[in-house]
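Inspection log for the structure reproduced underneath, given as structure tokens.
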Amino acid sequence: MKWIEMTVFTTEQGLDAVAARFDMLGIQQVMIEQGRESIEAFLKETAKYWDYADTDELVAGEEPCVKAYLADAGENMELVHLAEASFDALRKTDVGIDLGSLRFVVRLADDEDWANNWKAYYKPLKIGSRLLVRPSWEALADAEGRTVLSLDPGMAFGTGSHHTTRMCLEYLEKIVKNGDALLDLGCGSGILSIAGVLLGAKAALAVDIDPIAEKIAYENAELNGVGRDRYEVRIGDVLTDAALRTGLAARQYEVITANIVASVIIALLPVVPPLLKTGGAFITSGIIRERLDEVKDAIASSGLTVVETNRNEEWCAILARKE
């Protein structure tokens with residue numbers, strides 16, 4: 001498959017602004033190249049699909065850039081022209097920081113051109129006492145008795161918040177019991193829902209608003225020997241899609257996960273309790289420290305009880321229960 005690759009050259013200080021500009025335009029498949037500090041910050045501050053990187057192997061370049069990707073389809077060329085015009089306008093705007101040249105370059109790229117570029121930075125990662133998350137292309141000599149979760153980000157690669165996903169996985173390790181049903185709201189690559197099945201859940205239902213997530217999550221499930229008899233992905237917005245909510249409510253779940261951002265978690269909270277069995281666990285992360293109390297208040301208002309809070313640098317995770 002061919003992809004339209006848009007590259008915008010900027011400065012270390014301008015990387016976040018350029019990435020945010022693409023996001024504002026509805027272009028969310030992005031990656032950072034060149035600039036160690038910027039890549040490290042971007043991995044911590046944005047969250048979508050992939051969740052760990054060896055930043056020690058990243059090498060700074062002379063001119064940092066942000067690359068964004070769209071499927072090579074005729075209707076997307078209008079969006080490319082819109083993006084080019086947007087960055088041209090930004091180039092003429094004083095935003096208070098040095099954004100560099102904002103040079104805009106477009107080319108066609110194959111899947112491998114951008115997916116494989118990142119493979120060197122992703123290594124096996126031990127999680128808690130039982131899990132080992134392994135990029136599918138990495139050889140693994142000894143799992144040390146851990147449950148191995150293999151992942152391939154594929155074309156769903158965005159970037160990932162290492163701390164938030166790790167904290168969710170650590171909670172899953174402690175909470176998931178044999179026979180549980182798990183619901184993952186905002187599944188991305190499927191890392192949490194697939195891990196839940198590998199840890200003992202009898203079935204997992206994964207939901208995301210991005211259609212690409214369906215393909216990638218199913219592929220990752222298959223990679224781990226998790227069949228569609230135990231694993232299902234649905235695409236849609238739980239907040240606005242009544243039919244999707246009705247489908248989810250066909251049963252209740254022992255575990256619900258949501259590794260998103262504070263504002264979306266708060267918006268989702270009225271939906272969560274009816275889907276959760278009494279005694280069930282709600283695991284959520286993607287919460288910056290400044291919004292922790294706000295999310296905890298929203299959890300309490302929804303009728304759930306906060307049992308535990310975990311923090312890693314500026315990120316927080318919460319374990320709540322339905323009493």
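Estimate the FRET efficiency between Thr240 and Asp98 by the formula 1/(1 + (r/R0)^6), using the beta-carbon distance for r and 41 Å for R0, to the nearest 0.05.
Efficiency for this residue pair is about 0.55.
On a C-alpha basis, how far is the centre of the range 4-28 from the centre of the range 76-104 in Å? Whole number, if you could?
With the range 4-28 and the range 76-104 each reduced to a Cα centre, they are spaced 9 Å.
Using 1/(1 + (r/R0)^6) with R0 = 35 angstrom and r between the beta carbons of Ala300 and Asp142, what's the FRET efficiency to the nearest 0.05?
Between Ala300 and Asp142 the formula returns 0.20.
Taking the Cα centre of the range 126-264 as origin, work out the dipole magnitude from +1 charges on Lys and Arg Cβ and -1 charges on Asp and Glu Cβ, in debye rounded to 20.
360
Rounded to the nearest 0.05, what FRET efficiency do Gln13 and Arg107 have when you use their Cβ-Cβ distance and R0 = 30 Å?
0.70
Between Ala249 and Lys174, what is the spin-label point distance in nm, taking each point 7 Å from the Cα along the Cα→C-beta axis?
3.2
Each residue of the range 89-95 in order: what ³J(HN,Hα) in whole Hz does its phi give by Karplus 6.51 cos²θ - 1.76 cosθ + 1.60, θ = phi - 60°, with x for Gly and Pro?
Karplus values, whole Hz, x for Gly and Pro: 5, 5, 4, 9, 10, 8, 9.
Using 15 Å as the cut-off for backbone N distance, which residues of the range 132-149 belong to the label zone defined by a point 7 Å from the Cα of Arg230 along Cα→Cβ?
Correct set: 147-149.
Can you tally the net charge around Arg230? Count Lys and Arg as +1, Asp and Glu as -1, for every other residue whose Cβ sits under 12 Å from the Cβ of Arg230.
Every neighbour counted, the sum reads -2.
Since every read-out is calculated from the coordinates, none of them should be taken as a lab result. These numbers were taken from a predicted model, which means no experiment stands behind them. Positions of Cβ are backbone-derived with ideal geometry, glycine not excepted, and every protein chain shown enters the neighbour counts.
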